[in-house]
Structure formats: structure tokens, C-alpha cells
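A.B. asks: Take this structure, written in C-alpha cells, and hold onto it; I'll ask about it next.
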Amino acid sequence: MRTRRGACYSPASCQDGRRKRRRIAGGGGEGSAAAAAAVAGGAEGPANDMFEELPDDLVVSILADVAASARSPGDLAGAMLTCKRFRELGQSKVVLARASPRCLAVRAKAWSDAAHRFLQRCADAGNLDACYLLGMIRFYCLGSRGSGAALMAAAAVGGHREALYSLAVIQFNGSGGSKDDRDLRAGAALCARAASLGHVDALRELGHCLQDGYGVRRSVLDGRRLLIQANARELAAAVAASASLLRAATGKPAAAASRRHSCLLSDFGCHAAAPKAGGEAHAANRFLVDWFASRPLAGSTAAAAAAPTPGSAAEDEAAGLRLCSHALCGRPETRRHEFRRCSVCGVVNYCSRACQALHWKTAHKAECTPMDRWLDNAAAGAANPNAAAMAAPAP
């Protein structure tokens, strides 16, 4: 017999179904109720067991795709809290290894032992972004220099360009050790590797190293060429970001976005105005900025308490450790006088030449004033007016 939808079924099965319904409808008492419940349960049972019959490999693959496309740590956490099976299979190394950088972007305000364990499991699963993020947190925030450097080295071996550049900064400054622990050649080599993978700050740092002969043989032309390349890549990335944000806001192509430009962000060329500079920082740098915004640097409180007298030779020691003045960096000093300072004002300091170039073009160029020199010259002129008169030009 054929139904309206074209499905065929045998008359015997139809008669069996009719007999079963007659027995349920005609019978009474508890037996008939139990039989009706059994029939109803038999009809709905396979539907309830379909999820349990799915193979684990398929569920793990789905969770891995969720982790790879997650836009925040809460996306994967919400999926894992759906049921017990998701919670168990979500701990698989296949899922944790594919977690996206946004899925790993733990905030400093939400830092806890659970977040630490989550990043550690992701790092053990081979997630390079987790290795780098946890390495930066341990090295700069938790004071575990050895394990932090080891995690960043593991990410660098896997070709993580941010880890390569961070290790280069550590080598240039001798972070975690003394001034004699600096290795300029190793820092330049790490910068070259990160620049070959497309890291713009590493390319800019390498250009300044070539111009100054810092860790490499001096070549002004090659350094200038690398700085131009860094600015060209920066310009292309900024134009693409501006165009995509304008399309998302208006739904129209951003034809005029590429024609608008503002001041330089590096030494050469023009730079398209980025919508929000705060959104361009890496998750590790954002964590460092938020962490040290609410927690003082290690040693700064003790140094301030031990400050002898203002203006003495130990006044700078009392100031304690300082952060990199570039707002999107967040790296702190691991020892006093580790970072280089501005040679004009001496107020700001930087962990790298790349941060110095960026901050100079965006903010410090308008703020830098040789205040100490002016005060010294004014004091010298007041003490010796004859010398000031001799230094004055003749009318």
C-alpha cells in the first residue's frame, strides 16, 4: 500500500499496528496504562538516544571548530557547559590545540587559577598562542622567568612571530638577568626571523638596528629600506582595517577610506588613520597593560619606602621599575635602568626602538621638551652672568 507521500508499507504491519491500538484502547487498568507508556516510550526512545549514538570523533570535531571560531573565552566555555559529554570531550587536546587567539584572550581582571590551568592545558596540547600568552604572563607578571621563557621559546620554535619578537626584546635588554646578559646578535637574528614571517614591529626594529649598527653590521641604506617596507605593510593593514570597519558600519564600500591619511606611525611614508589603536594590540600586551594598571611593579613600593632624600643619587633607585612608555606595549623592566630613555627629556623610556619610533610619531613628538637642559642653563646663567653675556650674539 502507498501513502500520499509515496511511502510503501505492508498490509501486515498495518494490521499489527491496528491490533496493538485496539488492545491498548480496549484494555483497562494498570496493564493498559503501562502498555501505552511502553509504546510511547518506544516511539520517542530512538529520538532521545540519537545524540548518544554520535561517535566521539564527530563531537570532538564539532567542538574543535567551535574553539577555532570562538570570539571570546566564553564561547567555548558556554559550549562545554551544555552537557556532561561536551564538558568531557571539550578537554580533548584536539579541541584545545585549535583554540583561537580570541578564545585564549583572558583578561587580567578575570585572572584566576582556573584560567591559569586552562592556558596550561592548551599549551600542553600544542597551542602556540597559548604558549606565547602564558609565557608572557609568567615572565613579566608572575615572575617565573625560566618557565615563561621556555614557553615563549616553544612557541618561537613553532614559528610564532609574536614570540620571536618578544624573545628578541628580551635578548636586546637582557631581561630577567643583568646588563651583561644581553645578546645583541641573538636579538637581531630573532628579529630577522620574525620579520620574515610578517611581523611589522620586528621589521621596524631590524631597520633601526641596521641603521645604528646595533647587533649587526651597520648599513644605513638597508635599514632605511626595511623601515620603508615596515611602513608600507603598516599602511596596507590600516587601510584594510579602516575599509572593513566602514563597510560593517554603513554597508557600503569604503572608497574614500584609502584616501584619508594622518601623521606617520614610523619614519617614512603616510599612514591611514586607524579607527581604534587600542584594538590592535595583541592579547598578551593588553593583559600586561591591564595587569600593571591595577598592580604596582615588583620592587617599586619597597624602593619608594627606602628613598632617602629627594634629589639624591638614590632618587632614581627609589622610583623603582618602570613600564614601557608606549601605551600598547605593557612590558615592564625586570631590573632598574633596563630600558632606554629619551635622550632629550629623560622622562619616557622604551623597551625597543620600535616602541620608541611609534610613540614618538603618535604622542611624544609633541610632548618632548629638554626641560632639564633649560633649567641647567638658567641656573648656570644666574650663577655666572658674564658667561651668559659672552655667549649672547653680538648685535
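The values are calculated or read from the model by the stated rules, or taken from the named source; none is laboratory data. Keep in mind it's a predicted model, so treat the numbers as computed, not measured. When we count neighbours, we look across all protein chains shown, and the Cβ atoms used for this are built from the backbone with ideal geometry, even at glycine.
A.B. asks: Among the candidates 218, 224, single out the residue that is modelled with pLDDT of 65 or more, of a type in the set (Lys, Arg), loosely packed, with under 13 Cβ neighbours inside 10 Å and closer than 30 Å to residue 190 by Cα.
C.D. replies: 218
A.B. asks: Any residue in the range 156-175 that is among the basic types (Lys, Arg) and either over 26 Å from residue 219 (Cβ atoms) or not in a helix (DSSP H, G or I) (or both)?
C.D. replies: There is no residue in the range 156-175 that is among the basic types (Lys, Arg) and either over 26 Å from residue 219 (Cβ atoms) or not in a helix (DSSP H, G or I) (or both).
A.B. asks: Here's a check for you: in the range 137-165, which residue that is hydroxyl-bearing (Ser, Thr, Tyr) and without any contact (Cβ under 8 Å) to a residue 60 or more places away in the chain is surrounded by the most Cβ atoms within 10 Å (Cβ to Cβ)?
C.D. replies: Per the stated criteria, the residue is 165.
A.B. asks: The conditions are (1) surrounded by fewer than 18 Cβ atoms within 10 Å (Cβ to Cβ); (2) out of contact with any Lys or Arg (no Cβ under 8 Å at 6 or more places or on another chain); (3) closer than 26 Å to residue 168 by Cβ, and residue 60 fails exactly one of them. Which is it?
C.D. replies: (3) is the only condition that residue 60 fails.
A.B. asks: Would you point out which residue out of 110, 188 is in a helix (DSSP H, G or I) and out of contact with any Ser or Thr (no Cβ under 8 Å at 6 or more places or on another chain)?
C.D. replies: It is 188.
A.B. asks: In the range 76-110, how many residues are farther than 25 Å from residue 161 by Cβ, surrounded by 15 or more Cβ atoms within 10 Å (Cβ to Cβ) and within 19 Å of the chain's Cα centre (by Cα)?
C.D. replies: Selection size over the range 76-110: 0.
A.B. asks: With respect to residue 234, determine if the residue is buried (at least 22 other Cβ atoms within 10 Å of the Cβ), touching a residue at least 24 places away in the same chain (Cβ under 8 Å) and more than 29 Å from residue 337 (Cβ to Cβ).
C.D. replies: Taking the combined requirement at face value, the residue satisfies it.
A.B. asks: Here is a follow-up. Evaluate the following for residue 178: is it closer than 24 Å to residue 139 by Cβ and loosely packed, with under 15 Cβ neighbours inside 10 Å?
C.D. replies: Against the criterion (closer than 24 Å to residue 139 by Cβ and loosely packed, with under 15 Cβ neighbours inside 10 Å), residue 178 qualifies.
A.B. asks: If you don't mind, another one. Restricted to the range 333-372, and to residues that are in contact (Cβ under 8 Å) with a residue 60 or more places away in the chain and among the β-branched types (Val, Ile, Thr), which residue is surrounded by the most Cβ atoms within 10 Å (Cβ to Cβ)?
C.D. replies: Out of the qualifying residues, it is 334.
A.B. asks: Pairs please, first residue from the range 120-136 and assigned by the TED database to the domain that holds residue 95, second anywhere and among the polar types (S, T, N, Q), Cβ atoms under 9 Å, 6+ apart in sequence or on different chains.
C.D. replies: Within 9 Å, no pair qualifies.
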